[in-house]
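I have placed the structure first, in the form of structure tokens, so that the comments after it can refer back to it.
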Amino acid sequence: MGRQSAVNGAFRQASKQDGARRGQSVPCGYDDIAVLLNVNPPMTPPADPTEPPGALSHFDAQGQAHMVDVGAKAVTHRVARAAGTITMLPATFALVAGGRAAKGDVIGIARVAAIQGAKRTSDLVPLCHPLPITRVAVEFELDATRHAVHCTAQVETLGRTGVEMEALTAVQVGLLTVYDMCKAVDRGMVMTDIRVLEKRGGKSGEWHAVLAAGPVKGG
């Protein structure tokens, strides 16, 4: 805890000094820094801008990792949608679009892999709760302009915790499968823009991502 506070203090001080040199006012709150880094930009300003952010729920009072106790939470219908993209060479995209990849139907197999990934999330991410998933829907879109494949996954459950991790895992595994099936001809493919688009249900209600550049593929 002491080391982290020192790091945060040093970061804030360096930001102030840099801003002073440039004649700029540099925000030092967590939310302001997050906006600068485009990390989980807040939907609306906090009710009290002076209030510190909440503690990370996966750490106890001693700083030890633990699985969050959700037993007291209400069972509600929870939905999460995530998206991501894999870009590739034009020739690789042509193979995928034409169904001519050596390993077979890239999109069909990637869809099944994404669904399987959502179901196995708690096996891959150690502090995730195993959830009774009620629905997984995965869509792929071929983008000839960018030579890219966009993946969107929506996961639903009736439970005490959300399914954001399941939606993200579905997207990641789906895109990894595209890479695996095409890597023989293109090892430079890039997976990017993997993010949660929205979540619904639970005490916190609805959340929608703020996309600074406007609507994007998969959004």
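Each value in this text was obtained by applying a stated rule to the coordinates, not by laboratory testing. Because the structure is predicted, anything quoted here is derived from the model rather than measured. Ideal geometry is used to build each Cβ from the backbone, glycine not excepted, and the neighbour counts take in all protein chains shown.
Quick look at the numbers
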item: HN-Hα J in Hz across segment 196-208 - Karplus 6.51, -1.76, 1.60, θ = phi - 60°, x for Gly and Pro; result: 7, 8, 6, 9, 9, x, x, 4, 7, x, 8, 9, 10
item: J(HN,Hα) series, segment 114-122, from Karplus relation 6.51 cos²θ - 1.76 cosθ + 1.60, nearest Hz, glycine and proline x; result: 5, 4, 4, x, 4, 5, 9, 4, 5
item: Computed FRET value (nearest 0.05) for Val190 with Thr134, which takes r as the C-beta separation and R₀ as 35 Å; result: 0.60
item: Chain lengthening between Ala97 and Leu158 when straightened (0.36 nm per residue, less Cα-Cα); result: 18.3 nm
item: Virtual spin-label span in nm between Leu142 and Ser122, 7 Å along Cα→Cβ; result: 3.8 nm
item: Label-point gap, in nm, between Asp180 and His208 - each point 7 angstrom along Cα→Cβ; result: 3.5 nm
item: Taking segment 76-208 and dividing mean pair separation by its residue count, relative contact order in percent (alpha carbons under 8 Å, at least six apart); result: 43 percent
